[in-house]
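**Q** Quick one: the structure is below, questions incoming.
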Amino acid sequence: MSFSVHVDVRNPGQFFACCGLFELASRMSEGAVAHFETERFIVEAACSLDELLDGLTGSPLVAVDNEDITASPIDFPEVFRLRLDWWKDAGGGGRELKVWAGSMQSMRIAQAMVTALRGPAFHSENLLDAGCVVYDPDATTTKVEPYYFDARRALNAHSRDVGFSPNDLSLTTTAFPAVEALCLVGLQRCRPAPQRDEQRRIFRYSVWQEPLPVTLLAAVVSGAVPTRGSRTFEFENWFRTGKRQLKAYRYSVPSTKGE
């Protein structure tokens, strides 16, 4: 059994969302493998995309530390046996990849994005391209803004782009909840490699084309273990407001390392 989703690997949010999708599939189906092919991400597993999404949205997420509302580790539904806390990992580079700050609440955003995936638009190969305004599942008239993993959000996030900052004015725009939720999962195992740059936070990741088990994913994504036909990209975790707190992943460019 296999399923696939459309992906733009230049969008780091979509790339790491695919890693997250694979992580969840491997926890539902022992022996799962996955790879990228042109504009698709293909997962071979003994579960379907519908089964995976039903497992993800079937029970609430759990905040591990209720005293830490902005950055508590998060336990995903029991079927996956997965705890997310990569943004607490200073030694492994997790903190440098964190995009939210201030009053943004990791648990609230995660639960809102996951709950949105119950909609029929997400049960398709266009999972990562389905956009909507996301609402708080505990207060259905209250809108929730995403983490900003999806590079489509970064394009007009700063006042230099549109003449004003949507963030500074508290405007609400379309989010891509599958990218936001699954990227949060993908970064737990797979970290891009940080690059030396005194002015910007630049990271490199590698896109693989041969079916691989999830156990090799971290080494392959970081570039520590090269694979045949792999492609490497670099992206910036960019400040999206004038206060230089909140960040966003920008679109990547092909890496020129070694050229």
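**Q** Got a sec? How would R27, R95 order by Cβ neighbour count within 10 Å, fewest to most? Intermediate results must be reported in sequence, preceding the final value.
**A** Details: R27 20, R95 13.
Final ranking by Cβ density, sparse to dense: R95, R27.
**Q** Show me, bin by bin at 5 Å from 0, the whole-percent P(r) of the chain based on Cα pairs.
**A** Pairs per bin, as whole percents: 1, 6, 13, 19, 20, 18, 12, 6, 2, 0, 0.
**Q** Sticking with this structure for a sec: With an 8 Å cut-off on Cα pairs and a minimum separation of 6 or more residues, tell me the relative contact order of the chain in percent. All intermediate terms of the calculation are to be shown ahead of the outcome.
**A** On the way: 550 pairs, mean separation 60.3, N = 259.
Value for the chain: 23 percent.
**Q** Please say if segment 69-135 is rounded, prolate or oblate, where rounded means a/c under 1.5 for a ≥ b ≥ c the square roots of the C-alpha gyration tensor eigenvalues, and otherwise the choice is prolate for a/b larger than b/c and oblate otherwise?
**A** prolate
**Q** Each label point is 7 Å from the Cα along the Cα-to-Cβ direction; what then is the distance between the points at D54 and R10, in nm?
**A** 3.8
**Q** Related question: Could you pull out every residue, at least 5 positions away or on a different chain, whose amide H is within less than 5 Å of the one on S72? Hs are placed 1.01 Å off N in the peptide plane, and Pro or chain starts have none.
**A** Long-range HN contacts for S72: S106, M107.
**Q** Follow-up question, since we're still on this one. Fewest to most neighbouring Cβ within 10 Å: what's the order for I74, I202, I69? Spell out each step's value before the answer.
**A** Details: I74 23, I202 19, I69 14.
By the 10 Å Cβ count, ascending: I69, I202, I74.
**Q** Another question about this same structure. Arranged by the count of other C-beta atoms within 10 angstrom, fewest first, what order do S59, S230, S106 take? All intermediate terms of the calculation are to be shown ahead of the outcome.
**A** Values: S59 12, S230 16, S106 22.
Neighbour counts put them in this order, fewest first: S59, S230, S106.
**Q** Same structure, new question: Which shape class applies to segment 115-157: rounded if a/c is under 1.5, otherwise prolate when a/b exceeds b/c and oblate if not, where a ≥ b ≥ c are the square roots of the Cα gyration tensor eigenvalues?
**A** Working: a/c = 2.71, a/b = 1.06, b/c = 2.56.
Note, shape of segment 115-157 comes out oblate.
**Q** Under a point-charge model restricted to the Cβ atoms of Lys and Arg (+1) and Asp and Glu (-1), what is the dipole moment magnitude of segment 2-254 relative to its Cα centre, in debye to the nearest 20?
**A** The dipole of segment 2-254 has a size of about 920 debye.
**Q** Same structure again: Counting only other residues whose beta carbon sits under 15 Å from that of G131, what net charge do I get with K and R as +1, D and E as -1? Don't skip to the answer; put the middle values down first.
**A** Working: positive: K143, R152, R153; negative: D8, D129, E145, D150, E180.
Computed value for this residue: -2.
**Q** Based on DSSP H assignment, which helices of the chain show an axial Cα extent of at least 18 Å together with a mean Kyte-Doolittle hydropathy greater than or equal to 0.0?
**A** Membrane-span-like by this criterion, though nothing is claimed about a membrane: 12-28, 177-189.
**Q** May I pose another question? If each residue of separation counts as 0.36 nm, what is the full-extension length gain between R200 and S2 once their alpha-carbon separation is subtracted? The partial results should precede the final answer.
**A** Numbers: separation 198, 0.36 × 198 = 71.28 nm, distance 3.90 nm.
Value of the extension gain: 67.4 nm.
**Q** Next question. Per-residue ellipticity at 222 nm for the chain, helices alone: DSSP H runs ≥ 4 residues times -39500 (n - 2.57), over residue total, nearest 500 deg cm²/dmol?
**A** Numbers: 8 runs with 67 residues, N = 259.
Helices in the chain give a 222 nm mean residue ellipticity of -7000 deg cm²/dmol.
**Q** Give me the net charge of N66's neighbourhood, meaning all other residues with Cβ under 13 Å from the Cβ of N66; Lys, Arg count +1, Asp, Glu -1. It would help to have the intermediate numbers written out before the result.
**A** Working: positive: R108; negative: D65, E67, D68, D75.
Around N66, the charge tally is -3.
Taken together, the values in this text are just the output of simple stated rules run on the coordinates, not laboratory data. Because the structure is predicted, anything quoted here is derived from the model rather than measured. Please note: Cβ atoms are built from the backbone with ideal geometry, for glycine as well, and neighbour counts cover all protein chains shown.
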